[in-house]
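Trainee: One structure coming up, written as structure tokens, with questions to follow.
Values in this text are rule-based calculations from the coordinates and carry no lab data. All values derive from a computational prediction rather than experimental measurement. All Cβ positions, even for glycine, are placed from backbone atoms using ideal geometry, and neighbour counts span all protein chains on display.
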Amino acid sequence: MNDLIGKKTILIVEDDPNIQEALRYSLEKEQYNLILASDGNQAVELSREFSPDLIILDIMLPGIDGLEVCQAVRTDNDVPIIMLTAKSEEIDRVLGLELGANDYITKPFSMRELIARIKVQLRQATTKDRIGDSHKSSILNSRGLEIDTHAHVAKLHGNKLDLRPREFNLITFLMRNKGKALSRYQILEALWDKDYIGDTRTVDVHIRWLRRKVEINPDKPLRIVTVRGIGYRFDG
């Protein structure tokens, strides 16, 4: 619940009091409204009560852990989530992205880098569909998959698909470039902010999510196919 002067509200979920205080100090200097939580259950409750603009979420928490919090939050909304982890294993980072996190940063981290990532996520969250073009058709069709870019509605064989904003943008971009092999970098450049700080694995995660929603068998995709050594191609 943002105040009247338009400040962004950030929910900080961190059980280490020293890190929590460091985050509070730095982000207050950046003029953000802050909500603090020290465990996973409290984080879910505060997220639902205050609808923050962004969540900074530690993975290792008392009660339910950060991955479970992320999954619970994603059932309600698409608020940007940046995960904090003390672990260096790739599986933890990738799992966080699969559960709906937008970005992650590994402890110990630079506060300057974290603030930069926060700004990127907040900017992306307030940006309208960057793919839409008034000179292009608003309706895209391919073998029962229909995208209405003006109404921001996606249907598969007449049934409405529940797509996150980024998923909607991704399937639109792929369909507009049907038959073309697109690299992960091309997809990032088209759909993510030019200042995005991260790697191309986030593209793979979003492709995986989309396949679950538009493919008969996500493990053997016929619409969104992998082009080995390059990226992905939409075959319809």
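Trainee: Scan [x] 1.02; [y] 0.95; [z] 0.99 for the value of Rg/Rh (Cα atoms, Kirkwood Rh) calculated from this model and give just the label.
Mentor: It is the value labelled [z].
Trainee: When the dipole is taken about the Cα centre of the chain, and only Lys, Arg (+1) and Asp, Glu (-1) are charged at their Cβ, what size is it in debye, to the nearest 20? Working shown, then result.
Mentor: Working: 35 positive and 36 negative charges, 300 e Å.
About 1440 debye.
Trainee: I need the calculated FRET efficiency for the pair Ile64 and Arg228, taking r as the beta carbon distance and R₀ as 35 Å, to the nearest 0.05.
Mentor: For R0 = 35 Å, the calculated efficiency reads 0.35.
Trainee: For Cα pairs less than 8 Å apart in space and 6+ apart in sequence, what is the mean separation divided by the residue count of the chain, i.e. the relative contact order in percent?
Mentor: Details: 352 pairs, mean separation 30.2, N = 236.
In percent, rounded to a whole number, it is 13.
Trainee: Please give the FRET efficiency for Ala22 paired with Asn77, using the beta carbon to beta carbon distance and R0 = 41 Å, rounded to the nearest 0.05.
Mentor: Values: r = 27 Å, r/R0 = 0.66.
The value I calculate is 0.90.
Trainee: Would you calculate the separation in nanometres between label points at Leu95 and Phe50, each defined as 7 Å from the Cα along the Cα-to-beta-carbon direction?
Mentor: 2.8
Trainee: Once both axes come from the Cα atoms, what is the angle between helix 17-29 and the longest principal axis of the chain, in degrees from 0 to 90, rounded to 10?
Mentor: Approximately 70 degrees, to the nearest 10.
Trainee: Pairs Lys119/Lys180; Lys119/Lys213; Lys8/Lys178; Lys160/Lys220; Lys119/Lys220; Lys119/Lys155: which are spaced more than 26 Å apart, C-alpha to C-alpha? If you can, show how the numbers build up before the last one.
Mentor: Values: Lys119/Lys180 32 Å; Lys119/Lys213 30 Å; Lys8/Lys178 38 Å; Lys160/Lys220 22 Å; Lys119/Lys220 37 Å; Lys119/Lys155 32 Å.
From the list (Lys119/Lys180; Lys119/Lys213; Lys8/Lys178; Lys160/Lys220; Lys119/Lys220; Lys119/Lys155), the Cα-Cα distance tops 26 Å for Lys119/Lys180; Lys119/Lys213; Lys8/Lys178; Lys119/Lys220; Lys119/Lys155.
Trainee: Moving on. Could you give me the ³J(HN,Hα) list for segment 219-224, computed from phi with Karplus coefficients 6.51, -1.76, 1.60 and θ = phi - 60°, whole Hz, x at Gly and Pro?
Mentor: Along segment 219-224, the couplings run 7, 10, x, 10, 8, 9 Hz.
Trainee: Using modelled backbone amide H atoms (1.01 Å from N, in-plane), which distant-in-sequence or interchain residues come within less than 5 Å of Val153's amide H?
Mentor: Amide H neighbours of Val153, under 5 Å, 5+ apart: Asp148.
Trainee: I want the local charge near Ala181. Using Cβ-Cβ distances under 12 Å, sum +1 for each Lys or Arg and -1 for each Asp or Glu among the other residues. Walk me through the numbers before you get to the answer.
Mentor: Numbers: positive: Lys178, Lys180, Arg184, Arg228, Arg233; negative: Asp235.
Once all neighbours under 12 Å are counted, the net charge is +4.
Trainee: Could you compute the FRET efficiency for Lys29 and Arg208, with r as their C-beta to C-beta distance and R0 at 35 Å, rounded to 0.05?
Mentor: Values: r = 38 Å, r/R0 = 1.08.
Once the sixth-power term is evaluated, E becomes 0.40.
Trainee: Taking only Cα atoms and a 10 Å spring cutoff, compute GNM fluctuations for the chain and point out the largest among Lys220, Lys180, Lys155.
Mentor: Of the options given, Lys220 has the highest mean-square fluctuation.
Trainee: Determine the shape class of segment 9-125: with a ≥ b ≥ c the square roots of the Cα gyration tensor eigenvalues, call it rounded for a/c under 1.5, and otherwise prolate if a/b is greater than b/c, oblate otherwise.
Mentor: Working: a/c = 1.21, a/b = 1.09, b/c = 1.11.
Note, shape of segment 9-125 comes out rounded.
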